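Undergrad: My structure is below; once you've seen it, I'll send some questions.
The values are calculated or read from the model by the stated rules, or taken from the named source; none is laboratory data. Quick caveat, the model's predicted, so the values are computed rather than measured. When we count neighbours, we look across all protein chains shown, and the Cβ atoms used for this are built from the backbone with ideal geometry, even at glycine.
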Amino acid sequence: MEGPDGSGKTTQIELLKKYLEDKGYDIVITREPGGTAISEAIRAIILNKDYQEMSHMTELLLYASARSQLVNQVIKPALAEGKAVICDRFVESSAVYQGIGRGLGVSTVYEVNNYALGEVKPKLTIFMDLDAEEGIKRKENQTELDRMEMEDLSFHKRVVEGYRQLAQLYPERIFQVDATLPIEQIHSMIVEEVEKRFFS
Ligand code: TMP
């Protein structure tokens with residue numbers, strides 16, 4: 001599940017989890033960066049707003065390190081046990097935030113992340129599409145912003161544009177949903193897509 005901050009990823013993940021559980025699946029949910037003790041420790045470094053001097057490449061490598069640990073410690077074992085895994089952010093977040101937002105290039109991001117992912121690839125990416133301004137507005141009541149949220153509007157606009165470009169380039173693996181629609185309607189659209197891709 002991908003999209004800018006404030007796009008409603010968590011709500012949709014919970015609804016999808018319930019839907020798949022009702023179908024009899026065991027579901028594991030992950031969030032990035034995080035999801036293991038090591039990955040959470042890396043998250044604390046990445047998002048610490050005191051570390052303004054962090055280079056873009058360090059940031060990319062830290063996200064990839066956190067992901068590598070999550071893949072090996074949580075995702076691979078879950079898949080091996082026949083569980084379904086729903087990820088709150090995965091490699092496409094790095095593609096757009098570091099590759100496009102930071103300007104490191106999407107191909108560099110995929111190259112680095114190949115080491116983190118190995119053979120683990122998402123079967124479907126759902127992109128919750130929301131204008132950067134709206135995402136920021138939805139987060140306005142939050143008292144403390146982390147290092148990424150402190151970035152200016154132009155950064156967040158590049159991120160959203162990046163997601164839109166990727167969704168256009170790879171429609172076969174990225175499903176784009178209008179995140180301004182009512183929650184239940186978005187859920188129905190996601191269910192329809194999941195049914196089409198996995199159960200028909
Ligand atoms: P969260 O707020 O969804 O927990 O994510 C933390 C922040 O990290 C969010 O602003 C998006 C950003 N991020 C990246 O820049 N690259 C990544 O690879 C991931 C997973 C998140």
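Undergrad: Could you list, in sequence order, the residues of region 11-33 that are part of a helix (DSSP H, G or I) and surrounded by 13 or more Cβ atoms within 10 Å (Cβ to Cβ)? Break it down into steps so the answer makes sense when it comes.
TA: Of the residues in region 11-33, the ones part of a helix (DSSP H, G or I) are 11-22.
Across region 11-33, the qualifying residues are T11, Q12, I13, E14, L15, L16, K17, Y19, L20.
Undergrad: Looking at region 148-191, which of its residues are over 17 Å from the mean Cα position of the chain (by Cα) and closer than 30 Å to Y51 by Cβ?
TA: M150, E151, D152, L153, S154
Undergrad: Can you give me the number of residues within region 82-101 that are closer than 20 Å to G6 by Cβ, within 12 Å of the ligand (Cβ to nearest atom) and either in contact (Cβ under 8 Å) with a residue 60 or more places away in the chain or over 16 Å from the mean Cα position of the chain (by Cα) (or both)? Working first, answer last.
TA: First, the residues of region 82-101 that are closer than 20 Å to G6 by Cβ: 86-90, 92-98, 100-101.
If we keep only those that are within 12 Å of the ligand (Cβ to nearest atom) as well, we get 87-90, 92-98, 100-101.
From what's left, either in contact (Cβ under 8 Å) with a residue 60 or more places away in the chain or over 16 Å from the mean Cα position of the chain (by Cα) (or both): 87-90, 92-93, 95-97, 100-101.
Number satisfying all stated conditions: 11.
Undergrad: Determine the pairs where a residue that is touching a residue at least 60 places away in the same chain (Cβ under 8 Å) and away from the ligand (no atom under 16 Å from the Cβ), located within region 2-26, has a partner that is of a type outside the set (K, R) and assigned to a helix (DSSP H, G or I) with Cβ atoms under 7 Å apart, the partner being 6 or more residues away or on another chain.
TA: Listed pairs, sorted by first residue: L15/H187; L16/I190; Y19/V191.
Undergrad: Would you say A64 is farther than 24 Å from V194 by Cβ, aliphatic (A, V, I, L, M) and more than 12 Å from the ligand (Cβ to nearest atom)? Talk me through it step by step, then tell me what you get.
TA: Details: farther than 24 Å from V194 by Cβ: yes; aliphatic (A, V, I, L, M): yes; more than 12 Å from the ligand (Cβ to nearest atom): no.
Spelling it out, it is not the case that A64 is farther than 24 Å from V194 by Cβ, aliphatic (A, V, I, L, M) and more than 12 Å from the ligand (Cβ to nearest atom).
Undergrad: Give the residue that is modelled with the lowest pLDDT, with candidates limited to residues of region 102-145 that are within 13 Å of the ligand (Cβ to nearest atom) and charged (D, E, K, R).
TA: K139
Undergrad: Being part of a helix (DSSP H, G or I), more than 10 Å from the ligand (Cβ to nearest atom) and of a type in the set (A, V, I, L, M, F, W, C) is the filter here; which residues of region 37-61 pass it?
TA: Matches in region 37-61: A37, I38, A41, I42, A44, I45, M57, L61.
Undergrad: Does at least one position in region 18-31 carry a residue that is more than 21 Å from E195 (Cα to Cα) and touching a helix residue (DSSP H, G or I) at 6+ places or on another chain (Cβ under 9 Å)? First the steps, then the outcome.
TA: Initial filter on region 18-31 (more than 21 Å from E195 (Cα to Cα)): 30-31.
Within this subset, residues satisfying the condition of being touching a helix residue (DSSP H, G or I) at 6+ places or on another chain (Cβ under 9 Å) are 30-31.
Yes, region 18-31 has at least one match.
Undergrad: In a loop (DSSP other than H, G, I, E, B), surrounded by 16 or more Cβ atoms within 10 Å (Cβ to Cβ), aliphatic (A, V, I, L, M) and in contact (Cβ under 8 Å) with a residue 12 or more places away in the chain: is that true of M128 in this structure? Steps first, answer last, please.
TA: Numbers: in a loop (DSSP other than H, G, I, E, B): no; surrounded by 16 or more Cβ atoms within 10 Å (Cβ to Cβ): yes; aliphatic (A, V, I, L, M): yes; in contact (Cβ under 8 Å) with a residue 12 or more places away in the chain: yes.
So M128 fails the test.
Undergrad: Anything in region 37-71 that is without any contact (Cβ under 8 Å) to a residue 24 or more places away in the chain and within 19 Å of V112 (Cα to Cα)? List them, or say none.
TA: Selection gives R43, S55, T58.
Undergrad: While we're looking at this one, here's another question. Taking the condition of being within 24 Å of F175 (Cα to Cα), part of a helix (DSSP H, G or I) and in contact with a helix residue (DSSP H, G or I) (Cβ under 7 Å, 6 or more places away or on another chain), how many residues in region 62-105 meet it?
TA: Count: 15.
Undergrad: Within region 145-156, which residues are surrounded by fewer than 16 Cβ atoms within 10 Å (Cβ to Cβ) and either touching a residue at least 60 places away in the same chain (Cβ under 8 Å) or within 20 Å of I186 (Cβ to Cβ) (or both)?
TA: Once the filter is applied, which keeps residues that are surrounded by fewer than 16 Cβ atoms within 10 Å (Cβ to Cβ) and either touching a residue at least 60 places away in the same chain (Cβ under 8 Å) or within 20 Å of I186 (Cβ to Cβ) (or both), region 145-156 yields L145, D146, M150.
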